[in-house]
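Data first, discussion second: the structure below is written as structure tokens.
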Amino acid sequence: MTAKIIDGKAIAADIRAEVAKGAVALREKGIVPGLATVLVGDDPASHKYVSMKRKNCAEVGIESFHNELPATATQDEVLELVRRLGADDRVHGILVQLPLPKHINEEAVLNAVPLKKDVDGFHPLNIGALAMKGRAGDFIPCTPNGVIELLKRSGTEMSGASAVVLGRSNIVGMPVALLLVDNNATVTICHSRTKNTPELLRSADIIVAAIGRARFVKGEWIKPGATVIDVGTNVIDDATRKSGKRLVGDVDFDAAVEVAGAITPVPGGVGPMTIAMLLQNTLRSAAR
Ligand code: NAP
């Protein structure tokens, strides 16, 4: 069997087109959706991510307000900026690019983002709401929401399915697991202390891998026909590439594609979904 490839680029493009349509409708009512980006320090990867997010905003008709502070900024300065953006009516969403410099308390900064503008969905109350039946938070975190959207739009049945999530981080593994439960899957979470991960994976109809270990999940651990969503992004050496490097996921794709029913590639799977869901959250916030 060769698995169907779940094309995250194409699905993300569909979502961006939906957001663009929604933004036109809001602008006709005199509302311009706005996203504020906060970048502290000079990490090149963070600069690249923020500029990609701003470019995507421009393409779908969301205005972006960029705010940059030096790496030497104090905790109070960052908090002051976030609070000012929280009070700015043109801003419907605030994105604080992580990681923040080490001397800044990330938790305190994320807590300062008003719930109604937490388009990243990282506020503890928005994450916590995922664990409560019938209690929708204001926003669902973007990467986990992207995983669920990939499952839905690839026609994967979640209700009654047995799902295994690899990883239990606050930003990916745990919220994905809670969202799968909300979609009526029966969920097992594996982490670094789990003793029988291969055995648990073999019974899964859905696997979501989010551990940050290159090609950890082997083809023989996958149940024939299962849907595999690979969140992992790992850079490995590859002498055949000009850069000498290559991006791979947490799943051994070449082996898994022969066994799974559907699978996301890395790159081109979950990655493009994260920004698409951020745009969707910002539009929803503006519509409210
Ligand atoms: P993280 O905070 O480092 O968490 C990793 C998780 O994996 C932890 O829960 C850890 O368990 C678990 N783990 C580690 N080794 C394991 C093993 N051998 N078996 C089972 N579980 C194991 O990482 P993260 O932020 O969740 O990110 C995970 C991956 O997703 C990374 O590759 C990251 O780059 C990628 N990512 C991609 C996107 C995207 O947009 N595509 C977005 C976010 C993250 P313990 O809790 O026991 O330590």
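Below is a table of values for the structure above.
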read-out	value
Where trypsin sites (Lys or Arg not before Pro) fall in DSSP loop in region 190-239, at most 12 other Cβ within 10 Å	ARG193, LYS195
Net charge over other residues, Cβ less than 14 angstrom from the Cβ of LEU151 (K, R count +1; D, E count -1)	-3
For LYS102, net neighbour charge (Lys/Arg +1, Asp/Glu -1) across residues whose Cβ lies under 15 Å away	-4
For region 23-83: Kirkwood Rh in Å [reciprocal of mean 1/r, alpha carbons]	12.9 Å
For the chain: accessible area per residue (Å², 1.4 Å)	48 Å²
Segments 276-282, 110-116 sorted - mean Cβ within 10 Å per residue, highest first	276-282, 110-116
Residue (of ILE94, GLY8, MET52) at the positive-pole extreme of region 1-134, dipole from beta-carbon charges	GLY8
Accessible surface of ASP14 - all protein chains present, 1.4 Å probe, nearest 10 Å²	80 Å²
Charge dipole (region 217-266, unit charges on Cβ, about Cα centre) - positive-most of VAL228, LEU247, ALA262	LEU247
Dipole moment magnitude, nearest 20 debye, the chain about Cα centre, only Lys, Arg, Asp, Glu C-beta charged	280 debye
Scaled radius of gyration (Cα, divided by 2.2 N^0.38 Å) that the chain gives	1.02
Longest site-free stretch - the chain; sites: GluC sites (Glu not before Pro), DSSP loop, at most 15 other Cβ within 10 Å	1-156
Cleavage-rule hits (trypsin sites (Lys or Arg not before Pro)) in region 1-83: DSSP loop, at most 15 neighbouring Cβ within 10 angstrom	LYS29
Solvent-accessible area, 1.4 Å probe, carbon plus sulfur percent, for region 201-242	48 percent
Total charge dipole magnitude, region 232-288, about the Cα centre, Cβ charges on Lys, Arg, Asp, Glu only, Debye to nearest 20	480 debye
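The values are calculated or read from the model by the stated rules, or taken from the named source; none is laboratory data. These figures come from a predicted structure and were not determined experimentally. So basically every Cβ, Gly included, is an ideal-geometry build from the backbone, and we count neighbours across all protein chains shown. With ligands, DNA and RNA removed, areas are computed over all heavy atoms of the protein, side chains included. Shrake-Rupley method; radii C 1.70, N 1.55, O 1.52, S 1.80 Å.
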